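Below is one structure, written out as structure tokens; the observations come after it.
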Amino acid sequence: MNANLGFRCGIDTGGTFTDFVAVDESTGELVASKWPSSHDSPVEAIAGVIRESGLPPASINFLILGTTVATNALIQRKGAHVVYVTTEGFEDVLYIQRMNRRYHYSYEWTKPLPFVARRDCIGIRERINAKGEILVGLEAESMEQLAVRIERSLGGRSAENSAVAVSLLFSYLNPAHEVRLKEFLRRRFPGIAVSVSHEVAPIWREYERGSTVVADAFVKPLLQRYVDSVRESLGKLGLGCPWAIMKSNGGHATASAAEGQPVNLILSGQSGGVIGGRYFGDLADERNLITVDMGGTSCDVGVIREGKLSYITNYEIEWGLPVSAPFVDLTAIGAGGGSVAWIDKGGFLQVGPDSAGAVPGPLCYGQGGERVTVTDANLALGRLNPDYFLGGKMKLDATRAREGLSELGRDLGSSAVKAAQAVIDMANENMANAIRLVSIERGLDPRDFSLVAFGGAGPLHAGGIVEKMGMKRIVIPLYPGLCSAFGAALADFQIDKVWSTNYRSDSMDADVIIRQFADLEVAARAELREEGSSSEPEVLRSISMRYAGQNYEHDVELRPGPVCREGLEQALGEFHRLHEELYGYSISGEVIELIRVNVTVVGRTGKPRIRAPEADRDPRPRESRPVYFDRHGFVSCPVYRRDDLPGGHALEGPAVIEELDSTILLHPGHTLQVDRHGVIGIRA
């Protein structure tokens, strides 16, 4: 390999494996590798997967990491000791939460606890009103009294495991008090992480803003240690190239920016998959896509309409614990190759959300796993090659998988084969339900979309999923098990800015709104340059609107170009149309409230046109083996290696196509075509 080639690299740290993809920006050459993830030390897996790739350090130009560090810390509640500071009288907001309940009639359900203890919620005397006017000033005496209470709350804990979250009332309109308080806390408590709401979430709704800034503070010390560890590890490997971390919005941030606001990294790893799915969908000339990323631990489902990602501004860590930040819109469920099969109290088979992970892993891993998983079921049905898992680096124990399924079958009153098929059916149904959640429940017909299936297990289950959903087209990326890492390598620079307001359509000050759009754009462009983007950015603008009296708003995109009065009037008209599309009606003449102004600037990175692997023009199966299909039983299937399939080659099912990081199952009646880029399309 020519060491002078320049590679843009992406790394995705999943729950089971850490994936690496490098793309030569001049030739489109791909280099890929995998390494077992380490929950205790994710940096070890990053170093391991880079070494495994065999790339000389000097050949790497840029590196982007997708990480689950923030996600795992929040889910497992293993973060910093947080002290929450708010306006006096509002200390209970995080515990009052919202009046809505997850289960309306359950006496057993209780609200989830915030990431800060009630005794550590401290009020300070100050007050700014809803117009941003100072009613009660922030005095030095009040800050000194606050410092004493914080010291008592910290109880001698180390600075590296402590953080302070500040969310003062209406600070998004006037941040003066939060700015002063942040400076004071940094002087008084050097080394302790401080998060302030006007920087993290400058939005209205004090509960959502408080919950978000607490989440940011909770993971900030951990992210700072993670970034330091990555810097040290990359240095030891001799990598001196720039590197960045994926953000939840599908962009990426420099390490310093990421550790400054870690709340933007909660869906860092998952967002790369949607970007990779969109890229391969584009190569296959498909613009409307549902992406299914099925790995070893979970499955993430996203929607792409007309080639555009969908975004949300609220994400719930647990039901009722929101984080307000820009996120790629996706749904995650506990359905992966390592998902455990179990029988509930009613005697019904369930699959997930518990996972065997990489260690001990499924029964067939032979590492001490004791429960049947989806991977065991696939192996028992002949869909996986026990001698070619991870390209032959890991041998699977088919006998142990069949034994476990025999036990499960006895409990279900069926054979081991029927039990294995039931496990597969249940896993597919779980993923189909997730697709319904992001499509049908939002007024979209999934039959109008193509399924982009990736992750280590996605291509194995894609055929079964589309049959359940009535979908007709499947796209399988190159290196599907590494698609999230590929998406990270291709990620653009992206900065999101918001300004909370409260205007009515019958009395809005258009000049103020136009000026605020301009100010946000200037700030976003400057931040984009600081993160290393040198290209002319694409600017996207929208306004969050609702009818007067409604509780939730929707984003209305503005037409491209500078904002003007005509454009604002057009956006108001567009809101009526959007409301009717979403809810089936609109209220002509009703006053519309403008809640938030949004600006996104995107610095596009170059997207290489990858090339299909060199292959024999007349590929032959490597072997044949019996594979079980529901309604067909065991069928003799030819087994191909994906590298053997040239561009333009076609196959009719049934067949199995194996590769380093995944296995594609072609069902009877389905047809497969390899395009000139090496992307596989399947017609159901």
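Kindly identify the chain as rounded, prolate or oblate by the Cα gyration tensor criterion: order the square roots of the eigenvalues as a ≥ b ≥ c, call it rounded if a/c is under 1.5, otherwise compare a/b with b/c, prolate if a/b is larger, else oblate.
Numbers: a/c = 1.66, a/b = 1.58, b/c = 1.05.
Because a/c hits 1.5 or more and a/b exceeds b/c, the chain counts as prolate.
Do the alpha carbons of any pairs in K182/K220; K34/K308; K247/K308 sit beyond 20 Å of each other, and which pairs?
Exceeds cut-off: K34/K308.
Please determine, in degrees from 0 to 90 and to the nearest 10, the orientation of helix 140-154 with respect to the longest principal axis defined by the Cα atoms of the chain, where the helix direction is its Cα long axis.
That helix lies at roughly 30 degrees to the long axis.
Extending each Cα 7 Å along its Cβ direction at D282 and R559, get the distance between those two points in nm, one decimal.
2.5 nm
Mind pulling the angle between the C-alpha long axis of helix 42-53 and the longest principal axis of the chain? Nearest 10 degrees, somewhere in 0 to 90.
Compared with the principal axis, the helix lies near 40 degrees.
Which one, G606, Y585, L74, projects farthest toward the positive side of the charge dipole computed for the chain from Cβ point charges (K/R +1, D/E -1)?
L74
What order do you get for 520-531, 484-495 when each peptide is scored by the mean count of other beta carbon atoms within 10 Å, highest first? Mind dumping the intermediate values first?
Numbers: 520-531: 16.8, 484-495: 27.3.
Descending mean neighbour count gives 484-495, 520-531.
Given the peptides 447-457, 92-102, arrange them by the average over their residues of other C-beta atoms within 10 Å, most packed first.
447-457, 92-102
Averaging sequence separations of C-alpha pairs under 8 Å and six or more residues apart, then dividing by the length of the chain, give the relative contact order as a whole percent.
Computed value for the chain: 13 percent relative contact order.
For the chain, find the longest principal axis of its Cα atoms and tell me its angle to the long axis of helix 176-188, 0 to 90°, nearest 10.
The two axes meet at around 80 degrees.
Which of rounded, prolate, oblate describes the range 80-215, given a ≥ b ≥ c as roots of the alpha-carbon gyration tensor eigenvalues and a/c under 1.5 marking rounded, otherwise prolate only if a/b is larger than b/c?
oblate
For K418, what accessible surface area do you get with a 1.4 Å probe? Give it in Å², rounded to 10.
In the full protein context, K418 sits at about 110 Å².
So what does R683 come to for accessible area, using a 1.4 Å probe and Å² rounded to 10?
130 Å²
Using only the Cα atoms of the range 326-377, build the gyration tensor, take square roots of its eigenvalues as a ≥ b ≥ c, and label the shape rounded, prolate or oblate: rounded if a/c is under 1.5, else prolate if a/b is larger than b/c, else oblate.
Because a/c hits 1.5 or more and a/b fails to exceed b/c, the range 326-377 counts as oblate.
Just to check, using Stokes-Einstein with a Kirkwood Rh over alpha carbon pairs, what's the diffusion coefficient of the range 339-421 at 10 °C and 1.306 mPa s in µm²/s? Kindly include the intermediate steps, with their values, before the conclusion.
Working: Rh = 12.6 Å.
For these conditions, the coefficient is 126 µm²/s.
Place the peptides 580-586, 18-24, 591-597 in order of packing, highest mean first, counting for every residue the other Cβ atoms within 10 Å and averaging per peptide.
Ranked by mean Cβ neighbours within 10 Å, highest first: 18-24, 591-597, 580-586.
The values are calculated or read from the model by the stated rules, or taken from the named source; none is laboratory data. All values derive from a computational prediction rather than experimental measurement. Backbone-built Cβ (ideal geometry, glycine too); neighbour counts: all protein chains shown. These accessible areas exclude ligands, DNA and RNA; they are computed on the full protein's heavy atoms, side chains included. Shrake-Rupley method; radii C 1.70, N 1.55, O 1.52, S 1.80 Å.
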